[in-house]
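A short worksheet on the structure shown next.
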Amino acid sequence: MFARRIAVIGTGYVGLTTGACLASLGHRVVCADVDAAKVARLCRGEVDILEPGLPELVAAGLASGRLSFVVGARNAITELDGGAEVVFLCVPTPMGVGGMADLAAVESVVDEVRDLLTPNSVMVNKSTVPVGTAGRTSELIDRPDIAVVSNPEFLREGSAVHDFLNPDRIVVGSVSQDAAERVASLYAKLGAPTVLTDAASAELVKYAANCFLAMKLSYINAVAELCERLGADITDVTEGMGYDRRIGQACMSPGPGWGGSCLPKDTQAMLQVADAADYEFRLVRATIDTNTRQRQRMVEKVRLAVTGQRGGSLSHTRIGVLGLTFKAGTDDLRDSPALAVSALLRQAGAELVGYDPAMTAGANRPELDALTVVDDPYLAAKDVDALVVLTEWPEFRSLDWSRLAGVVRRPIVVDLRNLLDPDILRRAGFAWTGLGRRG
Ligand code: NAD
């Protein structure tokens, strides 16, 4: 493998992981961001997202001289002796007007660097973008010597480094076969199956995969609700389903609804992409609707557990929330279902105290406005009418539940992740309710 000169634009979950991992594979990488304070921290080796192995890779990259950080996309290209052979776009593509992906950051970087791009280099889009973006990017660059390649990223937050270095597959699409092969060769050491295709197909792989995962999760949440109505147990049902290799064990746990920085925006964007192609994607629409309903259903479960009645009032109740991030193992709060359910509980009149292993008390973040965040799970449980588990942090299993029973006002646990052992909780004196579980 030849070591390449690579610029990575955007140093978030995807960009920083991409930059640090490509440097660890032997490439020379310069990462750029608009956030000067973040770049200054990264230059000192300080990584401010929770990703196992990432600080170590950044430190190793800085020490080897293969990884460096600059402010601004243009500087990433000029910093490299001989210019960048490959430029990766890893900037945000948030949900925009009407659910369409907002491509402002992608377009602004392209505009910023187009005249500076090294002759015959490749512009790679790793951000999740609607089908047709590669073509549009080519038009914006307007240079016949620059190829645009779509190379969607599939890493999961919380295991980003592991996923990047052990991918299930690499997907690379472009009108230029040569450019696609050059990008695929960057990952040669990883030995992953590689799908070389056109740009539109590569762009669609990402949306189709994320919508499928969301659909699987919505489906399991619906089956869990059915279990409650039929007296069946979702744990046994998913075990029985999951042994079927066509179905598998992944994304089979019910929960308070899917969220995070990707699935909500990508499902909405897929609807828009389909709409523009004059296709009504009813499956994706139903997937989103089921998810929205799931959040309200979680509130009704808490209401019933706390008041004993379907329409009971949560006013003047105090609820301890265990878990705030969108899933365990990350500090990312973007579109967290835990926060969405918390906001609905707050609207229903409950006072909320929250604990999350990845959050510090007094964290000054607008997303956490609905709750008082504390640093200690036993403090979160003090005088509460119920404890509600909203994120599946494994450490909640080993809390001292007898001690917790001594500090709560009423020993009620609503486990919206089916995380805890009901027998342990019952022995500690708690009434326990799960999702789709028998009894
Ligand atoms: P992020 O918000 O964590 O990071 C984006 C970074 O880009 C930020 O540091 C921001 O300051 C920087 N930035 C914004 N505009 C810039 C500009 N003009 N020039 C330079 N830097 C700029 O985002 P992310 O989670 O890394 O996601 C990036 C893209 O990757 C999105 O399209 C997302 O959908 C996709 N993606 C995300 C994940 C994930 O798990 N987070 C997984 C796969 C794909």
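Some notes on this structure:
- Per residue, the chain exposes 43 Å² of accessible surface when a 1.4 Å probe is rolled over the protein heavy atoms with every protein chain present.
- Surface composition of the range 5-197: carbon plus sulfur atoms contribute 54% of the solvent-accessible area (1.4 Å probe, protein chains only, all chains present).
- Three-way shape label, the range 1-121, alpha-carbon gyration tensor, a/c 1.5: oblate
- Per-residue 3J(HN,Hα) values for the range 246-253, derived from phi via the Karplus relation 6.51 cos²θ - 1.76 cosθ + 1.60 with θ = phi - 60°, read 6, 9, x, 8, 6, 6, 10, 9 Hz in sequence order (x marks Gly and Pro).
- Around the amide H of Phe69, modelled in the peptide plane, lie the amide H atoms of Cys31, all under 5 Å away and 5 or more residues distant in sequence or on another chain.
- Whole-percent carbon and sulfur share, accessible surface of the range 294-433, 1.4 Å: 47
- Inter-centroid distance (Cα atoms) of the range 144-217 relative to the range 1-72, Å: 20
- The helix-based estimate of mean residue ellipticity at 222 nm for the chain, built from -39,500 (n - 2.57) per DSSP H run of four or more residues and divided by its residue count, is -12500 deg cm²/dmol to the nearest 500.
- Angle between the chain longest axis and helix 13-24 axis [Cα atoms, degrees, rounded to 10]: 50
- When you restrict to C-alpha pairs under 8 Å that are six or more residues apart and normalise by the size of the range 206-288, the relative contact order lands at 41 percent.
- Modelled spin-label separation between Cys43 and Ala104, with each label point placed 7 Å from Cα along the Cα-to-Cβ direction: 2.8 nm.
- Other-chain or far-sequence residues with amide H under 5 Å of Ala84's (modelled H): Thr118
- J(HN,Hα) series, the range 289-306, from Karplus relation 6.51 cos²θ - 1.76 cosθ + 1.60, nearest Hz, glycine and proline x: 4, 4, 5, 4, 5, 4, 5, 5, 4, 5, 5, 5, 5, 5, 4, 5, 5, 7
- One chain, two ends: Leu196 and Met241. Fully extended at 0.36 nm per residue, the span grows by 13.0 nm beyond their Cα-Cα distance.
- Taking θ as phi - 60° and the Karplus parameters 6.51, -1.76 and 1.60, the scalar couplings of the range 87-95 work out to 10, 9, 8, 10, 9, x, 10, x, 5 Hz in sequence order, x denoting glycine and proline.
- Placing +1 on each Lys and Arg Cβ and -1 on each Asp and Glu Cβ, with no other charges, gives the range 51-138 a dipole about its Cα centre of roughly 160 debye.
- Relative to the longest principal axis of the Cα atoms of the chain, helix 54-64 runs at roughly 30 degrees.
- Divide the volume of the convex hull around the Cα atoms of the range 141-230 by the residue count and you get 130 Å³ per residue.
- Per-residue surface analysis assigns Phe212 an accessible area of about 120 Å², computed on protein heavy atoms at 1.4 Å probe radius.
- Ordering of 307-317, 129-139, 254-264 by packing is 254-264, 129-139, 307-317, highest average first (other Cβ atoms within 10 Å, averaged per residue).
- Shape of the range 294-433, Cα gyration tensor, a/c cut at 1.5: rounded
- For the range 206-288, the fraction of alpha-carbon pairs lying more than 21 Å apart is 35 percent, rounded to a whole number.
- Remark: spin-label model distance Asp278-Asp400 equals 6.8 nm, labels positioned 7 Å along the Cα→Cβ axis.
- Overall dimensions of the range 66-157 as given by Cα atoms, namely Rg and Dmax in Å: 13.3, 43
- Fully extending the segment from Arg410 to Arg285 would add 41.1 nm, taking 0.36 nm per residue of separation and subtracting the current Cα-Cα distance.
- Protein-only accessible surface order, largest first, of Lys189, Lys206 at 1.4 Å: Lys189, Lys206
- Note on Lys189: lysines with a C-alpha under 20 Å away, same-chain residues under 8 apart excluded, are Lys126.
- Residues whose amide H comes within less than 5 Å of that of Val171, counting only those at least five positions distant or on another chain, are Val195 (H built at 1.01 Å from N in the peptide plane).
- Computed from the C-alpha gyration tensor, the three semi-axes of the ellipsoid equivalent to the chain are 43, 24, 19 Å, from longest to shortest.
The values are calculated or read from the model by the stated rules, or taken from the named source; none is laboratory data. What you see is a predicted model, and the numbers here were worked out from it, not measured in a lab. So basically every Cβ, Gly included, is an ideal-geometry build from the backbone, and we count neighbours across all protein chains shown. SASA here: full protein model, heavy atoms, side chains in, ligands and nucleic acids out. Shrake-Rupley method; radii C 1.70, N 1.55, O 1.52, S 1.80 Å.
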